[in-house]
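Undergrad: Submitted below is the structure of interest, expressed as structure tokens.
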Amino acid sequence: MRRRKRSEDEPATLESVVGPLIDGGMLEPLADRDDDAQLWMECDLCSYVENRFHHQLEPATLTDKKRAAWSRLSLASDECLQDPRRSDFMAAFWIVDRGVRVGTLALAKVTRFYQFMPVYSLYMLPAYRSSGLAYRTLRAVHQASVAAGFAGIRVSTFWTWQVAVHRYVFRYGMWAWSFKRSLEFVWAGDLPPYTVTVDDHSARFGIDRGACTLELLTASHDGDLLVWNELPAMASLELDGDVRFHARSTFAVALAVHGWPLLRDGDDLDKIAGCDVGGPDVLAYKIAIFEFFDRRSGFDVRTPRIPGVPYEAIARELAEERGS
């Protein structure tokens, strides 16, 4: 994958991305007013509440009492809602459709170290969902980012935010790029569209090649074990290395959201414990970690139980490491 040329002029880089989107009426900068900033933060809070407690709120109707109560419940001890006007790291925007504000997103202000333009706080107001607006907005940001010299865009979400994870893989066709602190998904010009199918007994992953699909991976399961097959195309010298590597991580996420086993016969979690991205064994270990911290924070975790993952053993290790 090509490397982005770094620019020291951060404001100009951001402007080159958002300028066309603002001029085209797709984004609107956050106004420098307390009420505008407060409503934008209410949207951020509603996103946490909806994904961590499965309760849909209307941002404009939050009272001070409800805001305080939900903030205590839905934010981890190291999280807080920050006035985006005071942030040195991100710029906040409203998503606009025909002059109406329909959602939020934020983009990184400091970009010189990023290959992909990071996108944060993507949220659609409930009345404007299932309309394709979020997808079209992300696509427009991706295209503008590529035109500005980025490889594409990067969107992070938590494993336990299952609706978002499913959307990014099965509806948006984004590639799983990293499992470090959350799941990071990307669109990149060097990563082709893919096709992934998962049913009760078999699964397949391939990349689009014009009118046909080049199959790279297949899977089945034997009890609590994953049977993972890498097809000859995976070893082809013509296949880009990033495609080969991230096909494994993306297919693993697709299997996980369907509750498939992720551990193969002979997998050793101790050997991959320090990895932040990889195949199904790496994701299995990360899932146990992600769920440990969310449950310890008191969130309502509703995820598929991955067969064979030693959740309890990993939780004990993490608790001992932290002295709790």
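The values are calculated or read from the model by the stated rules, or taken from the named source; none is laboratory data. Quick caveat, the model's predicted, so the values are computed rather than measured. Note that we place each Cβ from the backbone using ideal geometry, even for glycine, and neighbour counts take in every protein chain shown.
Undergrad: Which one of the conditions (1) under 21 Å from the mean Cα position of the chain (by Cα); (2) buried (at least 20 other Cβ atoms within 10 Å of the Cβ) does Leu75 fail to meet, given that it meets all the rest?
TA: The one condition Leu75 does not meet is (2).
Undergrad: Which of the residues spanning the stretch 40-60 are surrounded by fewer than 19 Cβ atoms within 10 Å (Cβ to Cβ), without any contact (Cβ under 8 Å) to a residue 60 or more places away in the chain and either among the aliphatic types (A, V, I, L, M) or over 16 Å from Tyr128 (Cβ atoms) (or both)?
TA: Within the stretch 40-60, His55, Ala60 qualify.
Undergrad: Look at the stretch 149-174 and say how many of its residues are farther than 27 Å from Asp300 by Cα and in contact (Cβ under 8 Å) with a residue 40 or more places away in the chain.
TA: 3
Undergrad: Here is a follow-up. Between Leu269, Leu255, which is in contact with a strand residue (DSSP E or B) (Cβ under 7 Å, 6 or more places away or on another chain) and not polar (S, T, N, Q)?
TA: It is Leu255.
To keep it simple, each residue is scored yes or no on (1) surrounded by fewer than 21 Cβ atoms within 10 Å (Cβ to Cβ); (2) in contact with a helix residue (DSSP H, G or I) (Cβ under 7 Å, 6 or more places away or on another chain); (3) at pLDDT below 95; (4) not in a loop (DSSP other than H, G, I, E, B).
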site: Ala134; (1), (2), (3), (4): no, no, no, yes
site: Arg139; (1), (2), (3), (4): yes, no, no, yes
site: His142; (1), (2), (3), (4): no, no, no, yes
site: Ser145; (1), (2), (3), (4): no, yes, no, yes
site: Gly149; (1), (2), (3), (4): yes, no, yes, no
site: Arg154; (1), (2), (3), (4): no, no, no, yes
site: Thr160; (1), (2), (3), (4): no, yes, no, no
site: Tyr168; (1), (2), (3), (4): no, no, no, yes
site: Gly173; (1), (2), (3), (4): yes, no, no, no
